[in-house]
Amino acid sequence: MKIRNKILLVVLVVLLSNGILINLAWYTSSSRMTDKYLTDISRSAMKDAYQAFEYLLVDTSYMAAMISLNDKNIIRPVQNLRERQISTENGQWNQEYLNNQRVISDYITSMNGYKYYIVGITVVVDANCVFSTSHLMQNHEEIYQHILELDQEQLKTKMIMMDPIHVEGGKSTLSSDYVVPAVRAVLDKKRQPVGYVVLYFDYGVIENMFASNLPEGSHFQVINENQSIIFSNCGDEVLNAEKPEKGFVYNTFEADTVEWKFTMALPSRYYIKDINQTVYTTIIMMALVLLGAAVLVVIVVSRMTAEISNLRNTMHMVSDGNLDVSYQVKSRDEIGQMGQTFNHMVVHIRKLMSRVAEEEEQKRMVEMAFLEAQINPHFISNILNNVIWMAKIQHADNIVPLVQSLNSMLQNVMHQEHDLIPLRDELAYLDNYLRIVEYSGSYDFILEKECGQDTEDLLILRFILQPILENAIYHGLPQSLEKEGKIKISAQVENEKLILAVEDNGDGMTKEQIAEVLEKQVKDRKHFNGIGVPNVKERIQLFFGKEYGLSYESEIGRYTRAVFTLPVIHPGEHLGEQYALTEKEGGKNDVKDQTGSGR
């Protein structure tokens, strides 16, 4: 794809994505504002309706308290009827009953009509003794049983609203076929209920109060603590605000005064219709803006990319091998600066090519010197073989093992093209080294090896054990003649890692001394190898990674242990990319040879 097309594509994508994001953000914000507006409307409507209803509740509660606390006309007559157990005589109520009935009936009749929404007053003594001001009467036993099911402790101090009841033919005198009873207890001097006062709410008044001022299509419902519906304009199913109907915004309110729960659901479609129309208009305008921007971008980008095309053509000429061309700079903008940089680069390439030709000549001379240097170890090896042959002729048999060991070690050094060798070969290299040490007079210690057959076949880096063994011989063995020196070499597999250890029973080292050994490089070559411990550790980590390496453990006066942590590598196993890199640097070995199989 041409750079012009890429720029156009990027600009258009940016404009389009920004337009979409802006519209989404605006639409989301508008939706949140609409939801908040709907929530505020529902709360306000519920608050207004409940405040009006609460005013009626307060008046009703005051009226119920006034009636139930009237000592002369209610408490005494009700208590007389309760305590004296007045009965009928010859099928007729006796005079005592009639006197108390008259007092109660006259009083509640005088109170009837005191509030327009109270359509009846009833005083209940028991299931057989009920006085009422109107025909709004349930079955005596039924209403008494319902009252007994209420919380009697609450009835002592406040009014309780009951479930609505149906009244046959109520609309002839009322605005609805339902009334809502409100009950309060009549208490004696011991604060015990002796009767009950029941005031009947006109359900139509409540219906008009809650149904007014609601938006079209709204749902409104009032339920009591028994989950019975007090009022509903959306059927007999209880609204569930936790599972709202799609397209409605729900809000709830719980009134502690009567333990009623108000639920309102407002339709959102009427409020977001204009918002959707605005979104569509904005999308059309955004499309027009994008179209105009695209035309403008095409013109600007075409002019800008013309110079880029010229620079590209010049680069193609250089890539074809023509280093005598140069770009003609026409402006000082970024493209002009790129052209100047390109011209400098071409000049620099010419100089580099001349330098490379000179370096290649020097490299050939160095390679010849290196090949000549490789002849010397082979020459020394041939001389050592002659020394062995002459020692046998002269019957100097004690010289033969020494020279053979030295020659074997020299052969190992000469064949260093394999980085990984079996542990068995590394231990054989140590045996040759120890034979030389023995002839030097320093072999006054006991050597133990604990390497199983399963570990001797595993591959390790060559030349890592001898430097550590040499340090143990010359620095780790006991200095006192009273203690016999001992060096132990062990190998085992733990947690899928090969653990090699070289342990001596010398004087041990402190933590500071261990840190110095692991960090201090060797500055001289007084011993056979001259390779420091840090070199061994660094070589392991460079080859296998930071999780592997060399560490020391020691206890003063008892031991010092050098611990190698290496990966478990079996002969012929695929060794990964980093070993393939070593193979490439070796120049002539494949992965199979690096495992040591061709040694």
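The values are calculated or read from the model by the stated rules, or taken from the named source; none is laboratory data. Model, not experiment: these values are computed from the prediction. All Cβ positions, even for glycine, are placed from backbone atoms using ideal geometry, and neighbour counts span all protein chains on display. Ligands, DNA and RNA are excluded from the accessible area calculation, which covers all protein heavy atoms including side chains. Shrake-Rupley method; radii C 1.70, N 1.55, O 1.52, S 1.80 Å.
Some notes on this structure:
- Residue-count net charge about SER554 - beta-carbon cut-off 12 Å; Lys, Arg +1, Asp, Glu -1: -3
- Listed peptides 246-253, 16-23 appear in the order 246-253, 16-23 once ranked by packing, highest mean of other Cβ atoms within 10 Å at the front.
- Computed from phi, the 3J(HN,Hα) profile of region 183-191 under the Karplus parametrisation 6.51, -1.76, 1.60 (θ = phi - 60°) reads 10, 9, 7, 9, 9, 8, 5, 8, 6 Hz, with x in place of Gly and Pro.
- Take the Cβ atoms of VAL14 and ASP333, set R0 to 30 Å, and the FRET efficiency comes out at 0.90.
- Using the Cβ of THR281 as centre and a radius below 14 Å, the other residues enclosed give a net charge of 0, where K and R count +1 and D and E count -1.
- Taken along the Cα-to-beta-carbon direction at a fixed 7 Å, the label points for ARG269 and ASP236 span 2.7 nm.
- By a 1.4 Å probe calculation restricted to protein chains, ARG184 has an accessible surface near 30 Å², given to the nearest 10.
- Computed label-point distance, nm, for sites ARG303 and GLN479 using a 7 Å Cα→Cβ extension: 8.8 nm
- Solvent-accessible surface of protein heavy atoms, probed at 1.4 angstrom with all chains present, puts THR510, THR122 in the order THR510, THR122, largest first.
- Simple label model, 7 Å out from Cα along Cβ direction - LEU290 to GLU512, nm: 7.4 nm
- Computed accessible area, SER218, all protein chains, 1.4 angstrom probe, square angstrom: 10 Å²
- Amide hydrogen proximity for VAL194: with H placed 1.01 Å from N in the peptide plane, the residues at 5 or more positions away or on another chain lying under 5 Å are VAL186, LEU187, ASP188.
- Accessible area of ILE556 in the full protein assembly, 1.4 Å probe (Å², nearest 10): 110 Å²
- A Förster radius of 30 Å combined with the Cβ-Cβ distance from GLU359 to SER319 puts the calculated FRET efficiency at roughly 0.80.
- When all protein chains stay in place and ligands, DNA and RNA are ignored, the 1.4 Å accessible-area order of HIS219, HIS344, HIS316, HIS146, largest first, is HIS344, HIS316, HIS146, HIS219.
- Among the listed pairs LYS497/LYS537; LYS488/LYS511; LYS72/LYS158, those whose Cα-Cα separation exceeds 18 Å are LYS488/LYS511; LYS72/LYS158.
- Charge tally for SER480 (other residues, Cβ to Cβ under 14 Å; Lys, Arg +1; Asp, Glu -1): -2.
- Accessible area ranking (1.4 Å probe, heavy atoms, ligands and nucleic acids excluded), largest first, for GLU307, GLU448, GLU141: GLU141, GLU448, GLU307.
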